[in-house]
Amino acid sequence: MGLHFTQEEFKLRKSKVLQSMKEQNIDALLIFRQESMYWLTGYDTFGYVFFQSLILDQKGNVILLTRAPDLRQAQNTSNIVDIRIWVDKDGSNPTDDLKIILDELSLKGKKLGVEYEAYGLTGRNALRLNKSLENYCEIYDKSDLITKLRVVKSKEEIVYVRKAAELADKALDEVWKHAKTGISESKILAEMNRVIFEGGGDYPANEFIIGSGKNALLCRYQAEKQILKNPDQLTIEWAGTYRHYHSAMFRTIPIGKADPKHNKMHEACIEALKNCESKLKPGNKIGDVFDIHAKTFDDHGYNKARMNACGYSLGTTFSPNWMDVPMIYTGNPYIIEPGNVFFMHMILMDSENQLAMNLGETYLVTKQGNQRLGKQKLDLVIL
């Protein structure tokens, strides 16, 4: 069995979920987020693209409903004992199979929480689920029940986050070696991924972002791969990933020479990041971190170039992206706690001058404040 955490850790997580269910007066929880299943049981798969649900009731019963290809997947990667299979066939409706399980657990007329905020629970399946449970039980959206518990990382989780940060640093070392005039973006990506996998890492939950020239102003991956010119600018966002735990970094690197505006933008990014660090402390609201980010950039005249969020929680996430909640935006009332892990990104995209500057680092919140997990320098490096 390929469990990545101790049995004691899993027992503690389960007890926390059951306690939260009790406090919220929920008789059972229908879990659809792959992150929740992995965190609670170790179950590791990308089979969540099809209908599957993990049922947890107040008595502690755990039952997984999934497809045949994930039977052995669950047996080999999780501590789940009771695994049920719904059969692929024309006209099949897995919510009917789910209802049979609910009957076995005597949940008719009870209060059920549902993780609706899940990539695995498509709109169509959610509609089928609601129709199946109509007049059967009371349904409540409990998408954040487990998510709120996952936001604070345990000691065992922090070990994996730190390992992910080491891998992210090694990936940046490859950028320093290979990012130069005449080199393709594909080569840079290949070398970054090579050292992560050689270091025991995993696929990230989304693609690395890479772009040069005008594509350096993009905040998402796209398929074009260019050859670096002189002068040029290269934007890369990536994450080291270990046991599905992520530690992300973000850089824009001038190639050949820097535009004078690059230098000013980088100085503003450094100032904004340091100001955000000063607010990323236990007891503060995460929205306050964004506000100091926005004020710093606005004071430098970059209101139109900055974003409306400056980061998010990181942890164990699955495709299609590594972003987790809470996000760092204005007014977010989440109170920062020790054990939080946040990626803070300072993004400036100057469309008028076609210039980009980005600087991002992952932080662990401690009792005293925070710790930057990456060991790389924050200086503007020109390659």
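Bear in mind that the values in this text are calculations on the coordinates, not laboratory data. Computed from a predicted model, the values in this text were never measured in an experiment. Here Cβ is always computed from backbone atoms with ideal geometry, including for glycine, and neighbour counts include all displayed protein chains.
Results, tabulated for the structure shown:
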| read-out | value |
| --- | --- |
| On Cα atoms only, tilt of 286-299 relative to the major axis of the chain in degrees | 20 |
| Table column - 3J(HN,Hα) (Hz), segment 257-262, Karplus curve with 6.51, -1.76, 1.60, x for Gly and Pro | 7, 9, 5, x, 5, 4 |
| Hull-based mean projected area of segment 250-307, where the convex hull spans the alpha carbons, in square nanometres | 4.4 |
| Neighbourhood charge, 15 Å Cβ-Cβ cut-off, centred on Glu198 and excluding it, Lys, Arg +1 and Asp, Glu -1 | -2 |
| Where labels lie 7 Å past Cα in the beta-carbon direction, separation of Glu156 and Gln371 in nm | 2.0 |
| Segment 122-173 versus segment 44-72: alpha-carbon centroid distance in Å | 14 |
| Rg [Å, one decimal], Dmax [Å, integer] - segment 7-150, C-alpha atoms | 13.9, 43 |
| Loop trypsin sites (Lys or Arg not before Pro), segment 144-229, which have at most 11 other Cβ atoms in a 10 Å radius of their Cβ (DSSP) | Arg220 |
| Total charge dipole magnitude, the chain, about the Cα centre, Cβ charges on Lys, Arg, Asp, Glu only, Debye to nearest 20 | 380 |
| For segment 340-351, Karplus couplings with θ = phi - 60° (6.51, -1.76, 1.60), whole Hz, Gly/Pro x | 5, 10, 10, 9, 10, 10, 9, 10, 10, 10, 8, 5 |
| Point-charge dipole on Cβ atoms (K/R +1, D/E -1) for segment 226-375, about Cα centre, debye to 20 | 320 |
| Gly311 long-range amide H proximity, modeled H, under 5 Å | Ile328, His345 |
| Computed over segment 1-129: relative contact order in percent, which uses C-alpha pairs under 8 Å that are six or more apart | 31 |
| Burial ordering of His293, His345, His300, fewest other beta-carbon atoms within 10 Å first | His300, His345, His293 |
| Structure-derived Kirkwood radius over Cα pairs in Å: which label, when the choices are (i) 22.2; (ii) 23.1; (iii) 23.8 | (i) |
| For segment 119-129, Karplus couplings with θ = phi - 60° (6.51, -1.76, 1.60), whole Hz, Gly/Pro x | 5, x, 9, 5, x, 5, 5, 5, 5, 5, 5 |
| Length released on extending from Thr6 to Ile382, taking residue separation times 0.36 nm less the Cα-Cα span | 130.9 nm |
| Proxy reagent accessibility, fewest Cβ within 10 Å first, across Ile328, Ile292 | Ile292, Ile328 |
| The chain, relative contact order [Cα under 8 Å, separation at least 6], % | 14 |
| Cα extents of segment 155-372 along the three principal axes, largest first (Å) | 48, 43, 26 |
| Cα→Cβ-extended label distance, 7 Å offset, between Ala126 and Asp173, nm | 4.4 |
